[in-house]
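These notes are about the structure you will find just below.
The values are calculated or read from the model by the stated rules, or taken from the named source; none is laboratory data. Everything numeric in this text was worked out from a predicted model, so none of it was measured. Positions of Cβ are backbone-derived with ideal geometry, glycine not excepted, and every protein chain shown enters the neighbour counts. Side chains are part of the model used for accessible areas, which takes the heavy atoms of the whole protein and leaves out ligands, DNA and RNA. Shrake-Rupley method; radii C 1.70, N 1.55, O 1.52, S 1.80 Å.
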Amino acid sequence: MEVRVRFAPSPTGHLHIGSARTAVFNWLYARHTGGKFLLRIEDTDPERSKQEYTEAILDGLKWLGLDWDEALVYQSRRLAVYKETAEKMVSEGKAYYCGCTAAELDDMREKALKTGGKPRYDGRCRNRKDHPADRPRVIRFQSQSAGATVVEDLIQGRVSFDNAELDDLIILRSDGTPTYNFSAVIDDHAMKITHIIRGNDHLNNTPRQIQIYQALGYDLPAFAHHPLILGEDRSKLSKRHGATGLTQYREEGYLPEAMVNFLVRIGWSHGDQEVFKTKEMIEYFDLKDLTPSPGVWNQEKLVWINGDYIRNTPIDRLADLALPFFQKKGYPAQKDDYLLAIIKDYQVRAKTIADFAEMAGFYYVEEVQYDPEAKSKFLGPDQLKILEILRDRLGGLNQFEKTALEGIFQQVIAETGLKMKHIAQPLRVAIAGVTVTAGITEVMTVLGPQRTLSRLNRAIRSINL
Ligand code: GLU
């Protein structure tokens with residue numbers, strides 16, 4: 001049987017990283033089994049659903065490389081199906097109209113709380129035939145009141161729910177729109193979904209959904225409820241812990257492949273392997289390896305994985321990705337040999353794509369900004385002499401290349417008795433403004449003789465002032 005899974009976001013906000021992980025699991029399972037990964041937009045709430053969120057979600061999935069099969073399903077275009085099905089259920093005695101007013105429901109809730117019971121709908125409209133026609137009415141599902149509903153979950157195991165706990169839920173609101181549990185069942189059936197892989201915040205909805213499947217005579221899909229991601233303090237991941245929207249990670253310079261790799265490793269493992277090629281993830285991914293214990297967001301690990309991906313990404317692509325970051329900071333960068341050379345020298349150092357522009361902005365400035373601490377330490381009267389010697393020696397070179405530059409450093413070391421660091425640090429601050437850069441000869445080769453010498457001269461002038 002072909003595996004058919006789906007990702008069913010509600011477009012009421014941006015793509016949350018937890019939801020993105022759910023999408024990753026579904027996508028990998030479909031690709032692993034040669035099945036289909038479908039997308040359904042659960043936009044039946046006209047107040048909260050926004051087209052811009054749908055677009056942001058689709059954008060996020062595309063960015064992650066999670067391509068979907070078949071046409072998108074929009075629930076808002078299927079309202080007639082839900083309504084028809086709900087009405088059919090009424091005619092079959094599986095659901096009923098309920099015209100209880102808000103006041104009646106409040107009253108019911110209060111009484112239940114007073115007697116120590118759970119606030120739940122007491123089923124009073126089940127057999128009511130005298131519904132006032134002028135009152136708004138909802139349709140409620142007639143759930144089973146005796147026995148238990150068992151969820152055989154591929155991750156959580158067997159979970160049993162006492163039916164007495166489940167009241168008659170509304171399946172169709174008075175405005176004709178369906179509620180989540182109802183439309184999800186109708187669509188999962190219509191889309192021939194075989195495996196429902198979603199967060200375990202939906203586990204409690206599952207017995208209700210199972211009862212609806214049964215009432216409609218539909219075959220049950222398999223269920224796999226994965227634990228949600230926790231923050232490092234083990235509470236539910238929220239804004240308090242940092243960014244929760246996928247877009248923000250993109251804006252901060254994380255690579256989509258690194259993101260997918262990082263997300264899949266929360267709650268799934270394959271031996272002790274950390275970094276996976278997409279092909280490997282697809283090959284190894286299986287639901288049986290998802291753990292029932294919650295995974296914790298580990299920012300340090302994300303940064304490490306991202307750095308690893310950066311080191312394994314072709315320079316050309318890194319340049320494309322990094323260019324907008326330089327431009328956003330106002331540097332006159334463009335995709336040329338200069339940028340490619342910079343990227344090459346910083347590839348081992350960058351942990352995010354944003355780091356390139358963060359660390360290598362000095363290549364693009366007219367006037368180097370000296371870091372005050374670096375300046376006070378390395379651009380003072382004590383360094384004047386060595387900077388002047390360097391300027392004179394370097395001035396004699398027409399072309400900067402590694403061996404020639406190293407030759408000059410060796411000569412200067414021999415003549416002055418200074419150590420390399422006493423030479424390199426003042427030089428570095430003079431040409432870059434900071435104490436940490438790529439290797440000094442690399443920086444100089446990329447900057448070239450003209451920029452290097454004019455920066456050196458300016459540093460010397462600043463000391464002489
Ligand atoms: N729209 C629901 C959500 O975003 C879908 C849950 C499900 O996968 O059934 O949580």
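Structure values in brief
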quantity: Qualifying residue in segment 326-345 (condition: open to solvent by 60 Å² or more (accessible area, probe 1.4 Å) and closer than 20 Å to ILE440 by Cα); calculated: yes
quantity: Filter result for GLN156 (open to solvent by less than 60 Å² (accessible area, probe 1.4 Å), modelled with pLDDT of 90 or more and over 30 Å from ARG77 (Cα atoms)); calculated: yes
quantity: Total residues in segment 389-414, condition touching a residue at least 24 places away in the same chain (Cβ under 8 Å) and open to solvent by 60 Å² or more (accessible area, probe 1.4 Å); calculated: 6
quantity: Segment 270-317, residues that are among the β-branched types (Val, Ile, Thr) and farther than 14 Å from VAL24 by Cα; calculated: VAL275, THR291, VAL296, VAL303, ILE305, ILE310, THR313, ILE315
quantity: Given (1) crowded, with 17+ Cβ neighbours inside 10 Å; (2) at pLDDT 95 or above; (3) under 23 Å from ILE17 (Cβ atoms), index of the condition GLY295 fails; calculated: (2)
quantity: Residues satisfying the stated conditions in segment 177-208, i.e. of a type in the set (Ser, Thr, Tyr) and in a helix (DSSP H, G or I); calculated: TYR180, SER183, THR206
quantity: The one condition in (1) more than 14 Å from the ligand (Cβ to nearest atom); (2) over 22 Å from the mean Cα position of the chain (by Cα); (3) of a type in the set (D, E, K, R) that ASP67 fails to fulfil; calculated: (2)
quantity: Some residue of segment 162-176 being within 16 Å of the ligand (Cβ to nearest atom), touching a helix residue (DSSP H, G or I) at 6+ places or on another chain (Cβ under 9 Å) and open to solvent by 50 Å² or more (accessible area, probe 1.4 Å); calculated: no
quantity: Qualifying positions in segment 406-458 - under 38 Å from the mean Cα position of the chain (by Cα) and assigned to a loop (DSSP other than H, G, I, E, B); calculated: GLY433, VAL434, THR435, VAL436, THR437, ALA438, GLY439
quantity: Residues of segment 6-54 satisfying the condition of being over 19 Å from LEU79 (Cα atoms), near the ligand (Cβ under 10 Å from one of its atoms) and in a strand (DSSP E or B); calculated: ARG6, PHE7, HIS16
quantity: Lone qualifier among ASP219, ASP201 - being within 16 Å of the ligand (Cβ to nearest atom), acidic (Asp, Glu) and under 30 Å from ALA146 (Cβ atoms); calculated: ASP201
quantity: Subset of segment 1-39 (residues that are under 19 Å from the mean Cα position of the chain (by Cα) and charged (D, E, K, R)); calculated: ARG6, ARG21
quantity: Qualifying residues in segment 180-198 (those that are open to solvent by 10 Å² or more (accessible area, probe 1.4 Å) and aliphatic (A, V, I, L, M)) - the one nearest to the ligand (Cβ to nearest atom); calculated: ILE193
quantity: Hits in segment 74-108 - residues which are at pLDDT below 95, part of a helix (DSSP H, G or I) and buried (at least 16 other Cβ atoms within 10 Å of the Cβ); calculated: MET108
quantity: GLN214, sole failed condition from (1) more than 14 Å from the ligand (Cβ to nearest atom); (2) open to solvent by less than 10 Å² (accessible area, probe 1.4 Å); (3) not in a loop (DSSP other than H, G, I, E, B); calculated: (2)
quantity: Close pairs (7 angstrom Cβ cut-off, 6 or more residues apart or separate chains): aliphatic (A, V, I, L, M) in segment 273-287, at pLDDT below 95 anywhere; calculated: none
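One line per residue, one yes/no per condition, for (1) aromatic (Phe, Trp, Tyr); (2) within 25 Å of ARG21 (Cα to Cα); (3) touching a residue at least 40 places away in the same chain (Cβ under 8 Å); (4) touching a Gly at 6+ places or on another chain (Cβ under 9 Å):
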residue: LEU79; (1), (2), (3), (4): no, no, yes, yes
residue: GLU92; (1), (2), (3), (4): no, no, no, no
residue: TYR97; (1), (2), (3), (4): yes, no, yes, no
residue: LEU105; (1), (2), (3), (4): no, no, no, no
